[in-house]
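Presented below is the structure to which this report refers.
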Amino acid sequence: MSSKKRKAESVKEEKDVEQVELSLTSWSPPSEEAFKGLKRYKSFLLPPNNSYSIGQYVWLAHEGLLAKIDARNPYIDSSNSLGPLSKKPRNSLLTSHSPASIIEKDNESAPLPLAKIHVDETEGDHHWEAGYWIGKIIEIRAKDTSYVWMRIRWMCRTLAECKDQAVRTGLPRSKAGPKEIFMLGPECDGLQPVGAVESSASVIEFDERNPMQAPFSRNSIFVRSEARTPTAEEAAAVCAGHGESKSKKVRVSEAGPSRHLFPLRESTCYCGDPYRPLLDREEPMALCAHEDCLKWFHLGCLDWKNIHRREATPSSIEDVITSGVQLMSLLQDYGLTTPAEKIPFDQDLTKLDWASMKDSYGIRTEKVKVKSEKEKLRTPSKGTSNGTINRNIEDPQGLVPEISPEELEKNKLADQHLPEIVCRIAEFPAVRGTLDTGIVGNARYIMRARQIILHNRKIRERGDVKVDPAQAEALEQMIKEWTDIWGAEFDPAPRDIVWLCPSCKRAI
């Protein structure tokens, strides 16, 4: 073969390679009908040996890929680090002595365990900084190994991008979390060649109603809402919620079908405002951990005009301590970041079967009094959306069960065998949205302390002489594990204030 011929073939091979590389992002997608005619697969492989499957989030290359960080992106600064948060701008009963706000004032270099996770400033993902697109693989189809396509559900990285996609959040005051992304609806799905995949993307599906979810840092990418075209019922609810009248003129910019941002879990606070993860200031929420409620409320809403605040009584403290322990069944292994059982977003947490966990600790609920017929028929007060608040009803203790003096004394004697810190922490509510508790919250911290208390009372039902040594050893192991994870350097004062849940009227 002559040198001229070899050179011509070499040039041809280089062009072929260049054409293959270009085809990864420059392509013409098949029609929807042609795509559906291809064979379906659950996963695919990319060199060297990277597997991608349905349901996985991926980084995708695109023609307009940014070469540097977009200076307009409010979530990233030039130092690849989020700015410091202002501490405790909102006064609350938790700001003085609660585990939600205890700070190592004498040693600023030793934050609480959840704070260490939340402010983890490890090096960010260069894909986020470079402006790669994020998508979720919905479907994979192929004709052969050289013709593989996937259906992608796109993610918007900012509220500005949502507006570009004709998405109306409906909440002008709402703000996104530090690295919160927004899932577009199925109507925005697109077909992409598998060659457009750069790598897998670590995206956390944040379940706001699952307080036992593993905590994550504010540098983590998470999704908790979907921007889609509302159904007729949802559209009517959105219009009603914003007070839009039929006579109101529609602006030109709003003409045509629009999408709305729907949370994967509906907001549970009576004010209707969503949970706002940490931004420039803290807006914490507290959990009502009773099994038929499991709702989060803003501390500002619970403190509003002192409607829900009550002086703590032995019975109300007991009502708090015995709530929420059923959530521990969502953890197969206890730890600071161990995975928790996932709950489908279309499933109501209050419908889960907690009976076995409650029975194991002898939790009784038969003493809860029921509202009278007169109270049930009374009209809700103005300004409430679900009738959970009624200022016309004198409700000093709500539906908190009254515990007998004998039962309280029995519990007090049993609790004397536990470290004081365990008993104090168990009295406080699970909180999220502070620097110390992070985005997910400190439910693992609080509920484990309550579980230790109930376990201790269970094994001492017949007095100290009847305690099984094996059970006592297991209890000691639980206490050691808890203190090793969370520490016991601080000593909070006993709780003197509780809240009555705006929904179930039990103690928070």
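Inspection of the stretch 404-416 finds a residue satisfying the criterion of being open to solvent by 30 Å² or more (accessible area, probe 1.4 Å), farther than 19 Å from Leu299 by Cα and small (Gly, Ala, Ser). Within the stretch 494-501, identify whether any single residue is touching a strand residue (DSSP E or B) at 6+ places or on another chain (Cβ under 8 Å), in the same structural domain as Leu336 (by the TED database), open to solvent by 20 Å² or more (accessible area, probe 1.4 Å) and not in a helix (DSSP H, G or I), and answer yes or no. Yes, the stretch 494-501 contains at least one residue that is touching a strand residue (DSSP E or B) at 6+ places or on another chain (Cβ under 8 Å), in the same structural domain as Leu336 (by the TED database), open to solvent by 20 Å² or more (accessible area, probe 1.4 Å) and not in a helix (DSSP H, G or I). The residue of the stretch 333-350 that is least open to solvent (accessible area, probe 1.4 Å), among those that are outside any loop (DSSP other than H, G, I, E, B) and in contact (Cβ under 8 Å) with a residue 60 or more places away in the chain, is Leu349.
The values are calculated or read from the model by the stated rules, or taken from the named source; none is laboratory data. None of these values were measured; they are calculated from a predicted model. As a convention, Cβ positions derive from the backbone with ideal geometry for all residues, glycine included, and neighbour counts pool all protein chains shown. The accessibility values were calculated without ligands, DNA or RNA, using every heavy atom of the protein model including side chains. Shrake-Rupley method; radii C 1.70, N 1.55, O 1.52, S 1.80 Å.
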